[in-house]
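Let me begin by presenting the structure, written as structure tokens, before commenting on it.
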Number of protein chains: 2
Amino acid sequence: MYNLLPDLSVVEVSSFVASPTAGLYLAQMGASVIRVDQIGGGQDFKRWPVTANNDSLSWENLNRAKQSLALDLARPEGRELLVELAQRTGNLVTNLPAKGFLAHDRLAAGRTDMVTVRIMGWPDGSVALDYTANAAVGYPGLTGPLDDEAPVNHVMPAWDLLTGAYAAFAMLAAVRRREATGLGGEVRLPLTDVAIGTVANMGRVAEVLYTGAERERLGNAVFGTIGRDFVTRDGVRLMLVAINERQWEGLVAALGLGERITALESALGVTFAGDDGLRFTHRASIFAIVEQAIGALDHSDVAARLDAHSVVHGRYQSMVDAVRDPRLVGSNPIFAELATNPSGFAYPAAGAFATIPHAERLPPAPAPRNGEHSEAVLSERLGLDSGAIARLVDAGVVGVG
Amino acid sequence: MYNLLPDLSVVEVSSFVASPTAGLYLAQMGASVIRVDQIGGGQDFKRWPVTANNDSLSWENLNRAKQSLALDLARPEGRELLVELAQRTGNLVTNLPAKGFLAHDRLAAGRTDMVTVRIMGWPDGSVALDYTANAAVGYPGLTGPLDDEAPVNHVMPAWDLLTGAYAAFAMLAAVRRREATGLGGEVRLPLTDVAIGTVANMGRVAEVLYTGAERERLGNAVFGTIGRDFVTRDGVRLMLVAINERQWEGLVAALGLGERITALESALGVTFAGDDGLRFTHRASIFAIVEQAIGALDHSDVAARLDAHSVVHGRYQSMVDAVRDPRLVGSNPIFAELATNPSGFAYPAAGAFATIPHAERLPPAPAPRNGEHSEAVLSERLGLDSGAIARLVDAGVVGVG
């Protein structure tokens, strides 16, 4: 948590990963983020992993540092309160449909400079999830073992997360424009456009049109340079990348490959120095030489040699290893132990990814209980008095947690 | 391209993917982004994929809409020009080392409210790349076919891209703070912190500490709900997800599974309605039933049935399919044909992922040639006259392209 955005308030009407991620990043940088949910929780409120009490460890981590307003969104009164709150706040991030009751034009009718960031599936309003956007753009077919042809889904929902981060960026960009010009507006961000736009940004739309052909599957090798996973004599699997000249020279020196690489160059009639692409082209031979060298050494030896020559490498860790790795969690200042999670389970909670050396890092905050801030939000934001709030609670329009 | 950030200038000193992505997103939203490179191009200038002339299709897509200043960064004169430009501009995004000549404190000595966003490997300054950060946090071990144990790398560099998007967001947050308080500062963003912070945000640090165990590998199945890939009678592989109650009911209805699911519930003594997690627990049986039903129908029939019941599905496309899919590229307004790419190859170029219905989308801009804007930048930003610039060019300190 950093306090970079103390004067920014955002209403978030969200489910699952992308839209909550946008709110999370904003909240962790100090914005006041009010997440509005159905009383009792929306469709992501029990998303796995869950505890024995069915409290979602997913939900309580994607919604840290937010306030919770619980409304009955199936009823007109609940929806009207949400519309009014969005208009008063002026900033909304949501994944609700573009033509529903949170349509931007409806909100802008009551607040002309309204900023809405809307995460969508397809641009036409059709539903897409991370998994189907990924299937559409072709990455699964390029992922996975060399000896297999079946597509491999990613496990980390990369499109959701990238879309969430971009949405947080787009919110700040749109707010900045409003402050300069008085203009609000809606920013629509379809998962499928983030996915195919990324394919383009990586040069792959151009590549497909240039070559006219599908790229071959590479397993764990890195395209266009020397990088792959290798296993040491003592069975440690590591990822190794020599992505520039210095690292290539370092790799050859670290593992004492000079003579064999020279022999390979003679055999092939090529010179690898200065040509990353040429090394990639002949990767099968180079990999065989590296594999043999690494397979003859223990990991500690390999690591020391590669470190001494500034070659990038890292061992594969299980997620259990990762969580127990003090570099990543235990001694990492982005984490702090937190006992006030809604689940009641105490564990190290993450704050903002970023570290600002000259600013104070505030400790991570817990996610709210459903409706925990209903009374405060309705009072402070909409000016409702306690009697009015009590009547809404009694009528089942507002939930308090 | 949208013109949301017309008054923002950013100097980018970058290589590879994460840091250029931050500059790209800012430029596509209208910021003036000056990329500073070694004369002749930095270490990513020929990154594959390349054309027959060795022009990088990667570089020219990650650096659209930026200006290029080429300097000899190996020489003090070149470095001093860059330091001065960064200080005059006030905003720097870079992946150069924290303790090098672009150290924030050095920049801030000449510009007290300097904002630096620095993308790093590990927080201590050790090098990590997307591939090694990924290996460290455990996703590869959870990715890939069920019958395989070897880790599977992602092909899309998710950590680079997420870090780049977060860096663009962090830049706007830091600039906003400066405008409110006069305070600059450095924002450090290590790839490994983005990676383990994401593991945490997805609930998985909590999960590992709660269960004490590694999650099992799921192949292409989605954790905690019903989702997987299936193949139709005519051989089309599709991803299918029923992530809420309505979609689950839709799936059962669409494929006429009512009787078999009821029989399965009777056999198991459970009721699937209302319990996503229970369906996941018994996914093997449910998948077998769905697999048989989908395998007995052609894709057109499956798609029509699923659409009629609002079940989320999408076919796996190769990247060639994706680039030829008019929904994604040909008829997608985020793309526009561009003939002025540095490679000389004309193809549809992507603009901002976001669409702003009430604002004008400006066409995508090409990446610059190395040093294309050197004279303009040195003149406009540093006030150098043409004689001074000519002397720097003659001395080999400045490159013009």
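Out of (1) within 27 Å of the chain's Cα centre (by Cα); (2) among the aliphatic types (A, V, I, L, M); (3) open to solvent by less than 30 Å² (accessible area, probe 1.4 Å); (4) more than 20 Å from residue B:198 (Cα to Cα), what's the single condition that is false for residue A:96? That leaves (3) as the condition not met. The numbered conditions (1) part of a loop (DSSP other than H, G, I, E, B); (2) facing chain A (nearest Cβ under 8 Å) are all true for residue B:146 except (2). Is it the case that some residue within the stretch B:307-317 is buried (at least 16 other Cβ atoms within 10 Å of the Cβ) and in a helix (DSSP H, G or I)? There is no residue in the stretch B:307-317 that is buried (at least 16 other Cβ atoms within 10 Å of the Cβ) and in a helix (DSSP H, G or I).
Taking the criterion of being in contact (Cβ under 8 Å) with a residue 60 or more places away in the chain and closer than 20 Å to residue B:169 by Cα, the residues of the stretch A:184-197 that qualify are A:184, A:185, A:186, A:187, A:188, A:189, A:190, A:191, A:193, A:194, A:195. All of (1) crowded, with 24+ Cβ neighbours inside 10 Å; (2) within 7 Å of chain B (Cβ to nearest Cβ); (3) touching a Ser or Thr at 6+ places or on another chain (Cβ under 9 Å) hold for residue A:170 with one exception: (3). Looking at the stretch A:13-23, can you tell me whether even one residue there is assigned to a strand (DSSP E or B), over 25 Å from residue B:177 (Cα atoms) and open to solvent by less than 10 Å² (accessible area, probe 1.4 Å)? Among the residues of the stretch A:13-23, at least one is assigned to a strand (DSSP E or B), over 25 Å from residue B:177 (Cα atoms) and open to solvent by less than 10 Å² (accessible area, probe 1.4 Å), which makes the answer yes.
Exactly one condition in (1) within 13 Å of chain B (Cβ to nearest Cβ); (2) over 20 Å from the mean Cα position of the chain (by Cα) is false for residue A:16; which is it? For residue A:16, the exception is condition (2). Of the candidates B:278, B:297, B:306, the single residue that is over 30 Å from the mean Cα position of the chain (by Cα), more than 14 Å from chain A (Cβ to nearest Cβ) and among the hydrophobic types (A, V, I, L, M, F, W, C) is B:297. Starting from residues that are open to solvent by less than 10 Å² (accessible area, probe 1.4 Å) and closer than 15 Å to residue A:118 by Cβ, keep the ones in the stretch B:336-358 and report whichever is farthest from the other protein chains (Cβ to nearest Cβ). Selected residue: B:352. Within the stretch A:46-58, residues that are in contact (Cβ under 8 Å) with a residue 60 or more places away in the chain and part of a loop (DSSP other than H, G, I, E, B) have Cβ atoms under 9 Å from residues that are among the aromatic types (Phe, Trp, Tyr) and open to solvent by 10 Å² or more (accessible area, probe 1.4 Å) in these pairs: A:51/A:345; A:51/B:210; A:55/A:345; A:57/A:48; A:57/A:345; A:57/B:210, counting only partners at least 6 apart in sequence or on another chain.
Take residue B:324 and tell me if it is of a type in the set (D, E, K, R) and crowded, with 16+ Cβ neighbours inside 10 Å.
Numbers: of a type in the set (D, E, K, R): yes; crowded, with 16+ Cβ neighbours inside 10 Å: no.
Against the criterion (of a type in the set (D, E, K, R) and crowded, with 16+ Cβ neighbours inside 10 Å), residue B:324 does not qualify.
Which members of the stretch B:177-195 meet the condition of being within 7 Å of chain A (Cβ to nearest Cβ), of a type outside the set (S, T, N, Q) and open to solvent by less than 30 Å² (accessible area, probe 1.4 Å)? Hits for the stretch B:177-195 are B:185, B:186, B:187, B:189, B:193, B:194. Just one residue in the set A:365, A:359 is assigned to a loop (DSSP other than H, G, I, E, B) and at pLDDT below 95; that residue is A:359. Note on the stretch A:196-241: residues that are more than 23 Å from residue B:56 (Cβ to Cβ), surrounded by fewer than 18 Cβ atoms within 10 Å (Cβ to Cβ) and in contact with a Ser or Thr (Cβ under 7 Å, 6 or more places away or on another chain) amount to 0. Note on the stretch B:1-12: residues that are part of a loop (DSSP other than H, G, I, E, B), open to solvent by less than 10 Å² (accessible area, probe 1.4 Å) and not aromatic (Phe, Trp, Tyr) amount to 3.
Checked against the criterion of being among the polar types (S, T, N, Q) and at pLDDT 95 or above, the stretch A:305-312 has no qualifying residue. Identify the residue in the stretch A:9-18 that is in contact with a helix residue (DSSP H, G or I) (Cβ under 7 Å, 6 or more places away or on another chain) and among the small types (Gly, Ala, Ser) and, among all such residues, is farthest from residue A:48 (Cα to Cα). For the stretch A:9-18, the residue satisfying everything is A:9. Residue A:314 meets all of the listed conditions (1) under 22 Å from the mean Cα position of the chain (by Cα); (2) away from chain B (no Cβ under 13 Å) but one, namely (2).
Residue B:333 meets the conditions (1) within 20 Å of the chain's Cα centre (by Cα); (2) buried (at least 17 other Cβ atoms within 10 Å of the Cβ); (3) assigned to a loop (DSSP other than H, G, I, E, B) in every case but one. The failed one is (2). Check whether at least one residue in the stretch B:229-239 is of a type in the set (Gly, Ala, Ser) and within 7 Å of chain A (Cβ to nearest Cβ), and report yes or no. Within the stretch B:229-239 (the criterion being of a type in the set (Gly, Ala, Ser) and within 7 Å of chain A (Cβ to nearest Cβ)), the answer is no, since none of the residues qualifies. When only residues in the stretch B:242-261 that are crowded, with 22+ Cβ neighbours inside 10 Å and touching a residue at least 60 places away in the same chain (Cβ under 8 Å) count, which is farthest from residue B:309 (Cα to Cα)? Among residues in the stretch B:242-261 that are crowded, with 22+ Cβ neighbours inside 10 Å and touching a residue at least 60 places away in the same chain (Cβ under 8 Å), the one farthest from residue B:309 (Cα to Cα) is B:243.
Of the residues making up the stretch B:191-228, those that are of a type outside the set (Gly, Ala, Ser), closer than 30 Å to residue B:118 by Cβ and under 22 Å from the mean Cα position of the chain (by Cα) are B:191, B:192, B:193, B:194, B:196, B:198, B:199, B:201, B:202, B:204.
Residues that are of a type in the set (A, V, I, L, M) and surrounded by 24 or more Cβ atoms within 10 Å (Cβ to Cβ) were ranked within the stretch A:129-154; the one that is farthest from residue B:235 (Cα to Cα) is A:129.
Selection over the stretch A:54-93 of residues that are within 14 Å of chain B (Cβ to nearest Cβ), aliphatic (A, V, I, L, M) and crowded, with 23+ Cβ neighbours inside 10 Å gives a count of 4.
Only one of the listed residues (B:124, B:130) is under 17 Å from residue B:16 (Cα atoms) and within 13 Å of chain A (Cβ to nearest Cβ). That residue is B:130. Determine, yes or no, whether residue B:36 is buried (at least 24 other Cβ atoms within 10 Å of the Cβ), more than 17 Å from the chain's Cα centre (by Cα) and either away from chain A (no Cβ under 13 Å) or at pLDDT below 95 (or both). Yes: the conditions hold for residue B:36.
The values are calculated or read from the model by the stated rules, or taken from the named source; none is laboratory data. Given the structure is predicted, the values throughout are model-derived calculations rather than measurements. So basically every Cβ, Gly included, is an ideal-geometry build from the backbone, and we count neighbours across all protein chains shown. Remember, those area values only see protein heavy atoms, side chains included, never the ligands or the DNA or RNA. Shrake-Rupley method; radii C 1.70, N 1.55, O 1.52, S 1.80 Å.
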